[in-house]
Every structure is written in structure tokens, then in C-alpha cells.
Amino acid sequence: MYTDPDGRIDILSLTLEELTEVLIEMNEMKFRAKQIFSWLHVKRVTDFGSMSDLSAQLRQKLDEKFCIKSLFIVKRLESKRDNTVKYLYRLPDGNHIETVLMEYEHGNTICVSTQVGCKMGCRFCASTIAGYKRDLLPSEILAQIYTAERDSGRKIGGAVLMGIGEPLDNYDNVIRFLELLSSKDGMNMSLRHVSLSTCGLVPKIYELAKLGLGLTLSISLHASDNKSRSEIMPVNDRYNIDELLKACREYFKITGRRISFEYALIDGHNDSREDAVRLAKLLDGFVCHVNIIPVNKIKERNFTSDRKSAQRFRGYLEELGVNATVRRTLGADIDAACGQLRREYEI
């Protein structure tokens with residue numbers, strides 16, 4: 001059971017079944033659980049006082065027993081180019097995270113954070129520079145979506161776990177978040193509209209595959225050989241490319257879901273035709289897609305690339321028969337890359 005420092009239960013992190021059990025222990029009628037769950041996950045209220053079809057006595061009991069996690073918007077940046085909105089949220093304990101709301105032709109998708117900071121140490125990533133503080137609770141991941149919907153007035157139909165943090169390093173809380181997100185009594189988002197990005201924690205990929213959730217797995221590959229990958233991604237020293245791709249094949253075998261490979265292009269490091277040839281050989285036989293990402297410039301690192309370089313690399317891959325695209329740049333005028341806003345605010 002998730003609890004606050006004051007001992008109250010984190011109600012947003014509870015499944016409907018768990019909430020029902022607690023209410024029965026409180027000598028309340030079973031049907032109240034579904035009412036309360038709907039207030040939290042459909043109507044998205046942030047205080048028990050707003051639950052108008054409950055008695056004042058019950059609302060007071062709930063306030064004494066539970067807390068409702070909420071986020072405070074410290075900063076909100078909206079792109080004038082493409083309506084991307086970037087939020088800097090303050091958590092109840094004073095830590096900060098980022099969330100990005102993106103508008104596509106098919107609807108709105110949100111990029112959520114799963115940790116405060118990151119342990120993985122990828123050298124081209126701003127999220128890891130400010131340091132790891134803690135894991136996010138299921139309620140804190142979920143609240144990023146609810147807060148963005150309330151603030152923007154936009155209906156969110158998809159989610160990517162690609163913000164600050166490594167989702168599989170916060171495995172249990174992330175799985176609980178996905179369960180709550182897809183609950184038919186709550187937001188009821190299909191997990192086929194959810195993408196989880198990982199730098200490659202191999203044992204957790206096998207665990208995730210067994211759950212058969214139907215979400216898209218995005219692998220942060222970013223190199224075509226172990227030497228190059230280890231230079232920019234320390235996780236490769238624990239789980240090398242061969243081990244990672246073996247886990248990916250198993251994921252596809254069990255789930256039938258196409259895997260997306262993320263490839264952050266870095267000039268002079270992983271952008272040559274030889275890199276493309278090696279990458280094509282690695283992915284031979286995969287049902288997959290390569291998403292080429294021009295690397296974001298961060299002041300602590302000397303890594304650069306641009307869309308022209310990315311398009312050239314895409315051409316190499318397509319000549320070799322690999323399905324590849326260059327990621328659409330969203331929110332470029334508001335520094336929408338993960339970690340930049342948090343780092344600048346906390347410096």
C-alpha cells in the first residue's frame with residue numbers, strides 16, 4: 001500500500017479492487033469505491049470536498065484516511081509553431097519533473113516522466129546531468145496526464161514513457177500506472193496507444209513481455225556496435241547489444257508487437273554509412289522501425305547533429321532495406337527536450 005509521510009494512503013495509486021477492500025474495512029458500502037474511483041480518474045477532482053454525491057461525514061473520513069497526490073505547475077511553455085506544451089511540475093516533496101503535451105493529426109499524446117532524474121548516465125541526455133533523486137509513484141505519473149488535461153482543455157489519447165527517468169528502473173510503479181491508465185472504470189486508455197522507452201534493462205524486458213500488455217517497446221539503441229554504445233551509454237557494459245536484441249526478439253515473439261529502435265544521431269560518432277551498414281545487419285530479420293533523432297544540444301556536452309545529417313543517415317538505412325524515419329521536431333522554440341527545463345530551474 002502506498003502511503004504518505006503522514007501515514008495517509010495514496011488513493012490515486014490504488015486499483016479499484018484495493019480501494020474497495022479498504023472501504024469495506026472502513027465499514028462503508030462496496031459500491032462507494034466505484035463512485036470515488038470515478039471522481040478521481042474520470043472527473044479528475046483533486047480534493048474529497050468536490051465529491052458531491054458523498055455525505056459530508058464520509059468525505060471527512062476519506063480526507064483523514066487518504067491523500068490525493070497533486071502537482072503544481074511551476075512553468076508552462078507553449079510553442080508558437082506546433083502547439084506543443086511543456087510543463088515543469090513541482091511534486092509535493094519539492095522535487096521537479098517535466099511533461100510534454102504534443103499535438104498530432106490523430107490527436108494529443110503526452111510524454112511523461114517516471115523518475116526524478118535518472119541513474120543511467122547516457123552522455124547525450126540532459127535528464128541524467130541533474131542527478132537521480134527518487135522514483136515516481138503511480139499516482140505521480142498519472143497526475144502528469146490529469147493535470148495537463150485540466151490545464152490545456154485537450155483530450156489526451158496516447159502516452160509515451162520517454163520523459164525524465166528510465167521506466168524499467170521503476171518497474172513496479174510503472175506497471176501499476178499502466179494498470180490504472182487502462183482501467184475501464186478510469187481513463188480507459190488502450191495500451192496500444194502507449195509506448196515505453198528503455199535504454200535496455202534486459203531482465204525487465206523479459207518480465208514486461210510476459211505481461212502481454214500490448215504496448216509498443218521503444219529501445220534506445222543509439223549505436224551499431226558495443227564499443228560505440230558503451231562510450232555514450234554505460235548500461236551497455238551490463239547488457240550488451242547481443243543480449244538486448246535477444247530480449248527484443250523474445251518480446252516480439254510473445255507479444256507480436258513491432259519494436260521501435262531509437263537512434264540519437266551524433267555527428268562523428270554514429271552517423272557514417274558504415275554505422276548504417278552495421279545497424280542494418282543487427283536488425284536483419286526484425287519486424288521493427290528505426291526512429292532517427294537529431295541529438296539535442298546541451299551545454300555540458302559537445303554532441304551535435306541536425307536534420308540534414310539525420311535525413312542522410314535515413315537514406316543510408318532505406319537503401320539497405322531498413323524502415324526508418326526522422327523524428328518530427330516538436331517544441332523546438334521552447335526547449336522541449338527532456339531534462340532541460342528542470343536542470344535550468346534547479347541550477
Inset, instruction - State whether the residues of segment 66-73 include one that is more than 18 Å from Leu14 (Cβ to Cβ) and assigned to a strand (DSSP E or B). - result: yes
Legend entry - One residue from Leu88, Leu19, Leu12, Leu40 being in a strand (DSSP E or B) and under 28 Å from the mean Cα position of the chain (by Cα): Leu88
Inset, instruction - Working carefully through the options Ser195, Ser228, Ser224, find the one that is of a type in the set (Ser, Thr, Tyr), within 28 Å of Tyr146 (Cβ to Cβ) and either touching an Asp or Glu at 6+ places or on another chain (Cβ under 7 Å) or surrounded by fewer than 22 Cβ atoms within 10 Å (Cβ to Cβ) (or both). - result: Ser195
Legend entry - From Ile298, Ile259, Ile219, residue being over 25 Å from Ile175 (Cβ atoms) and either among the hydrophobic types (A, V, I, L, M, F, W, C) or modelled with pLDDT of 95 or more (or both): Ile298
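This table checks each residue for (1) touching an Asp or Glu at 6+ places or on another chain (Cβ under 8 Å); (2) surrounded by fewer than 19 Cβ atoms within 10 Å (Cβ to Cβ).
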{"residue": "Asp82", "(1), (2)": "yes, yes"}
{"residue": "Tyr87", "(1), (2)": "yes, no"}
{"residue": "His106", "(1), (2)": "no, yes"}
{"residue": "Thr114", "(1), (2)": "yes, no"}
{"residue": "Met120", "(1), (2)": "yes, no"}
{"residue": "Ala130", "(1), (2)": "yes, no"}
Legend entry - Test: Ala280 is farther than 26 Å from Cys118 by Cα and surrounded by 14 or more Cβ atoms within 10 Å (Cβ to Cβ): yes
Inset, instruction - Enumerate the pairs (first residue in segment 16-43 and free of Cβ contacts under 8 Å to residues at least 40 places away in the same chain; second residue anywhere and of a type in the set (D, E, K, R) and not in a helix (DSSP H, G or I)) with beta-carbon separation below 8 Å, excluding pairs fewer than 6 apart on the same chain, so at least 6 apart or on different chains. - result: Thr20/Lys30; Leu23/Lys30; Ile24/Lys30; Gln35/Asp53
Inset, instruction - Scan segment 121-136 for residues that are touching a Lys or Arg at 6+ places or on another chain (Cβ under 7 Å) and either within 22 Å of Met1 (Cα to Cα) or modelled with pLDDT under 90 (or both) and report the count. - result: 5
Legend entry - In segment 140-171, the residues that are in a helix (DSSP H, G or I) and closer than 20 Å to Leu208 by Cα: Ile141, Leu142, Pro167, Leu168, Asp169, Asn170, Tyr171
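The values are calculated or read from the model by the stated rules, or taken from the named source; none is laboratory data. Small disclaimer: the values here were computed from a predicted structure and weren't measured. Positions of Cβ are backbone-derived with ideal geometry, glycine not excepted, and every protein chain shown enters the neighbour counts.
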